[in-house]
1. Convert each backbone phi in the stretch 322-337 into a coupling constant with the Karplus relation 6.51 cos²θ - 1.76 cosθ + 1.60 (shift: θ = phi - 60°), then list the ³J(HN,Hα) values in order as whole Hz, x for Gly and Pro.
2. Taking the 0 to 90 degree range and rounding to the nearest ten, how far is the long axis of helix 239-248 tilted relative to the main principal axis of the chain, both from C-alpha atoms?
3. Against the longest principal axis of the chain, how steep is helix 273-296, in degrees 0 to 90 to the nearest 10, with axes from Cα atoms?
4. State, to one decimal in nm², a quarter of the convex hull surface area for the C-alpha atoms of the stretch 222-273, i.e. the direction-averaged projected area.
5. In Å³ and rounded to a whole number, note down the convex hull volume per residue for the Cα atoms of the chain.
6. Two decimals, Cα atoms only, Kirkwood Rh: what is Rg/Rh over the stretch 147-306?
7. Specify, per residue and in Å³, the volume enclosed by the convex hull of the alpha carbon atoms belonging to the stretch 272-380.
8. Over 20 Å between Cα atoms: which of Lys62/Lys116; Lys179/Lys288; Lys288/Lys330 fall into that group?
Amino acid sequence: MRVLVINSGSSSLKYQVRDTVTQEVEANGQIERIGEGAGGPADHGEAMELVAAALERELAGKPLDAVGHRVVHGGERFGEPELINNEITRSIERLNPLAPLHNPANVLGIRAITAKWPALPQVAVFDTAFHRTLPEHAWRYAVPDPLYRQYGIRRYGFHGTSHEFVTGRAAELLGIPLKEFNAVVAHLGNGVSLTAIQGGASVDTSMGFTPLEGLVMGTRSGDLDPSILIYLQRQGLSADDIDAMLNRESGLKALAGDNDMRAIVDAAEAGDGRARTALAVASYRLAKYIGGYHVAVGGAQALVFTAGIGENSAAFRALVADRLGALGIKLDAAANLERSSAPRVISAADSAIPVLVVPTDEERAIADATAAVVLQARAG
Ligand code: AMP
């Protein structure tokens with residue numbers, strides 16, 4: 001099946017066309033500065049016209065069979081990919097308050113496709129869906145119940161498409177049936193999240209109500225004492241100031257002055273104290289969470305690294321593994337340094353559990369999920 005995968009942001013739109021049988025990527029691109037003037041497209045409808053024109057060139061007349069959308073927030077309702085109709089689109093729209101930057105853009109993308117290609121089936125693949133299996137003790141915050149019932153304040157988790165894809169690949173590589181697979185999966189990109197996998201399902205994850213909770217990220221703070229927010233507001237900072245500070249000016253960028261892991265590792269090796277502190281804070285926090293999730297899953301059978309940093313930064317993986325000696329985890333130094341795009345084991349033969357690097361591929365996962373939903377709908 002030829003699937004157009006759409007990842008719609010508030011001012012950008014990424015697209016990829018994949019053949020889900022051969023897994024060939026037939027087209028790939030990004031439209032930027034939507035609605036920002038300066039010659040960019042005025043809205044998502046205009047952006048979609050640019051995508052259509054690009055596809056006409058790149059696909060040379062080969063027809064699309066379906067469209068898969070990455071939708072950030074599926075709330076409590078969506079635990080599976082869904083064939084989109086008006087009711088589903090409205091449900092996604094009702095979740096706008098939970099993801100004010102992302103879900104409105106996703107809905108604009110869906111409506112623009114509906115207007116452009118009304119006959120094409122569209123599927124929504126939710127970033128939260130894989131975490132619908134979290135037990136209540138993992139998703140509840142210890143706050144008054146009306147916050148949950150009136151505002152939906154609970155932990156949802158994100159990066160689900162990536163965690164699910166990587167979990168399946170890791171189980172395959174180790175020859176363990178997915179339903180029996182317990183693991184800790186570390187998605188370390190610009191956004192960072194850790195997921196506890198038990199019996200192939202997500203039972204805990206470090207991002208919560210929003211993608212701000214949890215680990216130290218490129219520009220996001222991760223966990224902090226909630227009193228800090230109250231204190232800052234009392235000092236006169238606005239909600240918008242605090243939002244921008246914690247989401248865009250914090251994390252590695254705040255600690256090291258840079259959010260690119262390569263630059264931070266190079267600076268640390270050259271003796272830069274801030275870069276060393278940044279690496280120490282990020283690797284320490286991650287190791288603590290890994291220890292916690294090892295307990296949460298009743299003993300993980302593997303630790304899995306993925307995404308930009310997890311796949312490429314041998315230095316950061318080594319820093320984390322060095323803090324995991326209490327779990328008997330040991331890397332094989334040469335295997336850790338090897339560069340490859342294949343899923344692989346990087347632990348020493350006498351490591352208590354294998355440590356894996358498994359490249360993620362969210363577009364592939366979205367295209368495959370889209371094809372499966374469309375084929376099922378046709379059959380049913
Ligand atoms: P992602 O969000 O998955 O695209 O990951 C982006 C992050 O991966 C960037 O912030 C980089 O710090 C990191 N990254 C990408 N390539 C490398 C590399 N070769 N070595 C270390 N870090 C890398």
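No value in this document is a laboratory result; all are computed from the given coordinates. Fair warning: this is a prediction, and the values are worked out from it, not measured in the lab. We place every Cβ from the backbone using ideal geometry, glycine too, and count neighbours over all the protein chains shown.
1. Couplings: 4, 8, 9, x, 4, 8, x, 8, 9, 8, 8, 4, 5, 5, 5, 7 Hz.
2. Tilt of helix 239-248: around 70 degrees.
3. 80
4. Spelled out: convex hull of the Cα atoms, projected over all directions, averaged, 4.2 nm².
5. 167
6. Using only Cα positions, Rg/Rh for the stretch 147-306 is 1.02.
7. It is 145 Å³ per residue.
8. Lys179/Lys288
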